[in-house]
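J.: Take this structure first; my questions come after.
Laboratory data are not the source of any read-out in this text; all were calculated from the coordinates shown. Since this is a predicted model, take the numbers as computed values, not measurements. As a convention, Cβ positions derive from the backbone with ideal geometry for all residues, glycine included, and neighbour counts pool all protein chains shown.
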Amino acid sequence: MGKLHFSGHESFICKQFWLKKGVDFIQSGQSFSADDAVVGLGVGKNMVRSIKYWLKAFNIIELDKDVLTEEGEQIFVSKTGDPYLESIGTIWLLHYLLVKTEHASLYNLVFNDFRRLRPEFKAEQLASYISRYCSENDLSSYNENTVGRDIRVLLNNYLPPSINKKSDIEDSFAGLLFELRLIEIKNKLDVVQEQQVSYYAIEPGYRESLPTQIVLYTILDYIEEGRTVTFQDLYNGHNSPGSVFALSQEGLYQKIQEIIRDYPDISYSETAGNRILQIPASFNSKSEILYAYYN
């Protein structure tokens, strides 16, 4: 990973309809850099910048220009897409794209590396990890305040909303990723302080709401031109489905069994301790898998 990015969202989480609002804005021929973008989007200047940031972070538009990616077209423009994000599979797909694209660096670091080191953590422990990572890799990206805001936004993207005061009402149930239940708040007794303390947890599991076709899409994306991949690579490889979706080994194994059940051309073998998934060269492309899912 090269230069890390910990800002650009203007401290806003990605709200439920922001991605569609941004896509419609681009499709109408308007520009984020135009003076009247606030009018076209119906939001303030900071939110204009935030919407553009999240479109890039979720790989809906290209990083260097306001042009839809293949995934952006398939989700928001295709007649068989899901522009209103009504399918939980679309939310899982967006999570995968968010982690893999690496425009929002924190998400990639958390799901590929940090959660394996600390499945249970506090915000300050994540901040310390980022500081140490930047120092060990000679990166000048770390700024305590910036990273702190980024951590708060990440947590609020994944946690269920709560209403503590009147100003929170507008933002309640507005987050995009909390339905995935990837990050949860838990409590335990601190024997030193003799009181309950809260912490965050990303526990590996089966992910019941994660559709088989979305897993297969990510496998095809992960192996790219290759057609053979080991179970271990799928479980803990960088940007692999096991890493991004925080699957347990048993959870990944069950997903693979569902794939070979639904797609008989794909085979899975376990010989001499080697667990291999094989996909024939004639098999569907990842875009065809998405098309079939939305149909």
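J.: Among the lysines, which fall within straight-line cross-link reach of LYS186, defined as a Cα-Cα distance under 18 Å, with same-chain neighbours fewer than 8 residues apart omitted?
T.: Of all the lysines, those that pass the test against LYS186 - Cα under 18 Å, at least 8 places apart if same chain - are LYS122.
J.: When N counts the residues of the range 18-171, how does its alpha-carbon radius of gyration compare numerically with 2.2 N^0.38 Å, as a ratio?
T.: Against the empirical 2.2 N^0.38 Å value, I get 1.14 for the range 18-171.
J.: Here is a follow-up. Given Cα pairs under 8 Å that are at least 6 residues apart, what percent is the relative contact order of the range 212-294?
T.: Answer for the range 212-294 is 37 percent.
J.: Something else: Where in the range 81-115 is the amide nitrogen less than 12 Å from a point lying 7 Å along the Cα-to-Cβ axis of ASP24?
T.: Under cut-off, by backbone N: 83-84.
J.: I need ARG149, ARG261, ARG116 ordered by Cβ neighbour count within 10 Å, fewest first.
T.: ARG261, ARG116, ARG149
J.: Here is a follow-up. Among VAL191, SER209, PRO160, which residue has its Cα furthest toward the positive end of the charge dipole of the chain, with +1 on Lys/Arg Cβ and -1 on Asp/Glu Cβ?
T.: Of VAL191, SER209, PRO160, it is VAL191.
J.: Taking Cα centroids, how far is the range 245-294 from the range 17-70 in Å?
T.: With the range 245-294 and the range 17-70 each reduced to a Cα centre, they are spaced 35 Å.
J.: List the extent of the Cα atoms of the range 212-294 along each of their three principal axes, largest first, rounded to whole Å.
T.: Ordered largest first, the range 212-294 gives principal extents of 34, 25, 23 Å.
J.: OK, next. Using +1 on the beta carbon of Lys and Arg, -1 on that of Asp and Glu, and nothing else charged, what's the dipole of the chain about the Cα centre, debye to 20?
T.: That gives the chain a dipole magnitude of about 460 debye.
J.: Sticking with the crude label model, points 7 Å out along Cα→Cβ, report the distance from ASN137 to GLN278 in nm, one decimal please.
T.: For the pair ASN137/GLN278, the computed spacing is 3.6 nm.
J.: Please compute one quarter of the surface area of the Cα convex hull for the range 193-244 and express it in square nanometres.
T.: For the range 193-244, averaging the hull's shadow over all directions gives 5.4 nm².
J.: If you don't mind, another one. Within the chain, which is the longest segment containing none of the chymotrypsin sites (Phe, Trp or Tyr not before Pro) that sit in a DSSP loop and have at most 14 other Cβ atoms within 10 Å?
T.: No qualifying site falls inside 174-295, the longest such stretch.
J.: On to the next question. Please compute the alpha carbon radius of gyration of the chain, then divide it by the globular-protein estimate 2.2 N^0.38 Å. Two decimals is fine.
T.: That ratio works out to 1.04.
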